[in-house]
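In what follows, a structure is listed as structure tokens, so that the remarks can point back to it.
The values are calculated or read from the model by the stated rules, or taken from the named source; none is laboratory data. Keep in mind the model is a prediction, meaning the values are calculated, not measured. Cβ coordinates were reconstructed from backbone atoms using ideal geometry, including for glycine residues, and neighbour counts include every protein chain displayed. Quick note on the areas: whole protein, heavy atoms, side chains included, nothing else; ligands and nucleic acids left out. Shrake-Rupley method; radii C 1.70, N 1.55, O 1.52, S 1.80 Å.
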Amino acid sequence: MANEIGKVVIVGGGIIGCSIAYHLTEMGIPCTLVERVSIACAASGHAGGFLARNWSDHGPTGPLSRESFDLHKKYGAMFDSDYRAVDTLEVMVKEDSKRTKSSPNVPDWVDKSVIGHTDVLGDLTNTAQVHPKKLSKCFIEAAQKKGCEVIIDQVVGVEFSTEDKTFIKAVKLQNKGTLPCDKLVLAMGPWTNVANQWFSHKLPTIGACRAHHIVITPSEPVSAHALFVNYRSKDGNDNPEVYPRPDGTVYICGRTDYEPLPEHAGLVEPNSESLNFLHRVGANISSTLEGSKLETGHACYLPLPENNVPAIGLIPNYHGKLYIAAGHSSRGILNAPATGKNLAELIVHGNSAIDLSPFDPAKFI
């Protein structure tokens, strides 16, 4: 089978690219992954890792999310990825107000400001979390043990047959020459549009927005409750999210903007005011989080698809040699396992367990 498929090259070392590499090597197909900066250096290294089994049931990604949620549980037992089931709540908080109402659903550590409204969004059966960077590295390390090569270099172009400028023969690297390939997979997230300059036919358009996060260490451990917060302040309404992690830290994210995408992930910079706001959110939700040690604060860019669904599959016009998996937006961590599994199946068998037609790249071109 490997001889029939030939050389597979994946461009992009985020969780999607690492998942594709893992699932290909599990099927006996060696591959090469090329990443410009480092594994999981962009959103996959900075996302919160929240997982919901059925929140996408109303849309085309529903089957993908359900399979992926179940795969996360499976891989959580296999890998050291900080996977665990969590309870999930929606809470309403008014900044700098005294708490006036309690709810039996709210954990004890959520003890400040006004909780005017509380909903249970998920429980231990249908919501969970994972550490995205750890899982990405687990995927790629397992793939390397089965024949995947990782190259840290910049792809600067594609080499085509002299007779046919749509017949891919190799990718061109900035420092290491050319890398022959029979199948090329683009898993470049918000940087997908860079690849348009390599091809004569248009690729799916992937936009980008910048999201911020902080990681803090509270004065004492807090329970495994993920919080989706309707946060009201003098500046208006925001919707930050709060995820306690198994290692004792708490991840808080929010405050998106449309700052232009930098050339590569290593150049991403956060907005300091947004980071300060997120620290303030923690202090207004919980006395346990107030005064917590700030471990890190950063930003990442989410890949935004043109049609509100990711592009997953074979790109037309290139003799069955060019594939894409990009545009997963805020559900990239959730959907990475099933994306990698089903795209690998498509590459190897020509079809997949899940119907990928809703994500057909031809619909985006």
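For the criterion of being open to solvent by less than 10 Å² (accessible area, probe 1.4 Å) and in contact (Cβ under 8 Å) with a residue 24 or more places away in the chain, residue 322 passes. Please verify whether residue 217 is under 25 Å from residue 130 (Cβ atoms), open to solvent by 40 Å² or more (accessible area, probe 1.4 Å) and either of a type in the set (Val, Ile, Thr) or in contact with a His (Cβ under 9 Å, 6 or more places away or on another chain) (or both), treating the condition exactly as stated. Spelling it out, residue 217 is indeed under 25 Å from residue 130 (Cβ atoms), open to solvent by 40 Å² or more (accessible area, probe 1.4 Å) and either of a type in the set (Val, Ile, Thr) or in contact with a His (Cβ under 9 Å, 6 or more places away or on another chain) (or both). Tell me yes or no: at least one residue of the stretch 163-175 is part of a helix (DSSP H, G or I), open to solvent by 20 Å² or more (accessible area, probe 1.4 Å) and at pLDDT 95 or above. No, the stretch 163-175 contains no residue that is part of a helix (DSSP H, G or I), open to solvent by 20 Å² or more (accessible area, probe 1.4 Å) and at pLDDT 95 or above. For the stretch 68-96, a residue qualifies if it is open to solvent by 40 Å² or more (accessible area, probe 1.4 Å) and either within 18 Å of residue 47 (Cα to Cα) or part of a helix (DSSP H, G or I) (or both), and the qualifying residues are 70, 73, 74, 77, 78, 80, 83, 84. Within the stretch 215-249, the set of residues being small (Gly, Ala, Ser) and either closer than 22 Å to residue 124 by Cβ or out of contact with any Asp or Glu (no Cβ under 6 Å at 6 or more places or on another chain) (or both) comprises 219, 223, 224, 226, 236, 248. Scanning the stretch 308-339 for residues that are charged (D, E, K, R) and within 16 Å of residue 167 (Cα to Cα) turns up just one, 321. Quick check: anything in the stretch 230-246 touching a Pro at 6+ places or on another chain (Cβ under 6 Å) and modelled with pLDDT of 95 or more? No, the stretch 230-246 contains no residue that is touching a Pro at 6+ places or on another chain (Cβ under 6 Å) and modelled with pLDDT of 95 or more. For the stretch 128-142, the count of residues that are over 22 Å from residue 312 (Cβ atoms), open to solvent by less than 20 Å² (accessible area, probe 1.4 Å), touching a Lys or Arg at 6+ places or on another chain (Cβ under 7 Å) and part of a strand (DSSP E or B) is nonzero. Checking the stated criteria, residue 40 turns out to be modelled with pLDDT of 95 or more and buried (at least 22 other Cβ atoms within 10 Å of the Cβ).
Reported count of residues in the stretch 267-290, each being out of contact with any His (no Cβ under 9 Å at 6 or more places or on another chain), open to solvent by less than 80 Å² (accessible area, probe 1.4 Å) and more than 18 Å from residue 238 (Cβ to Cβ), is 2. Against the list (1) assigned to a loop (DSSP other than H, G, I, E, B); (2) open to solvent by less than 60 Å² (accessible area, probe 1.4 Å), the condition residue 60 fails is (2).
Within the stretch 301-337, which residues are on the phi > 0 side of the Ramachandran plot and not in a helix (DSSP H, G or I)? Even if it seems obvious, please write down each step before you answer.
Step one: filter the stretch 301-337 for residues on the phi > 0 side of the Ramachandran plot, giving 308, 313, 317, 319-320, 327, 329.
Within the stretch 301-337, 308, 313, 317, 319, 320, 327 qualify.
Being at positive phi and at pLDDT 95 or above is the filter; apply it to the stretch 1-37 and report the residue that is most open to solvent (accessible area, probe 1.4 Å). Here the residue is 28.
Here residue 152 fulfils each of the conditions (1) at pLDDT 95 or above; (2) over 29 Å from residue 296 (Cα atoms); (3) open to solvent by 30 Å² or more (accessible area, probe 1.4 Å) apart from (2). I need the full set of residues from the stretch 46-57 which are outside any loop (DSSP other than H, G, I, E, B) and either buried (at least 22 other Cβ atoms within 10 Å of the Cβ) or more than 15 Å from the chain's Cα centre (by Cα) (or both), in order please. Hits for the stretch 46-57 are 46, 50, 51. Is it fair to say residue 278 is part of a loop (DSSP other than H, G, I, E, B) and either under 23 Å from residue 217 (Cβ atoms) or hydroxyl-bearing (Ser, Thr, Tyr) (or both)? So residue 278 does not fit the description; no. Going residue by residue through the stretch 105-112, is there one that turns out to be of a type outside the set (Ser, Thr, Tyr), exposed (fewer than 14 other Cβ atoms within 10 Å of the Cβ) and at pLDDT below 95? Within the stretch 105-112, one or more residues are of a type outside the set (Ser, Thr, Tyr), exposed (fewer than 14 other Cβ atoms within 10 Å of the Cβ) and at pLDDT below 95.
Within the stretch 231-256, the set of residues being more than 17 Å from residue 131 (Cα to Cα), assigned to a strand (DSSP E or B) and open to solvent by 40 Å² or more (accessible area, probe 1.4 Å) comprises 232, 237, 255, 256. Applying a threshold of 7 Å to beta carbon distances and a minimum spacing of six or more residues, or different chains, the list of pairs starting in the stretch 193-210 at a residue that is in a helix (DSSP H, G or I) and ending at one that is not hydrophobic (A, V, I, L, M, F, W, C) reads 193/205; 196/202; 198/157.
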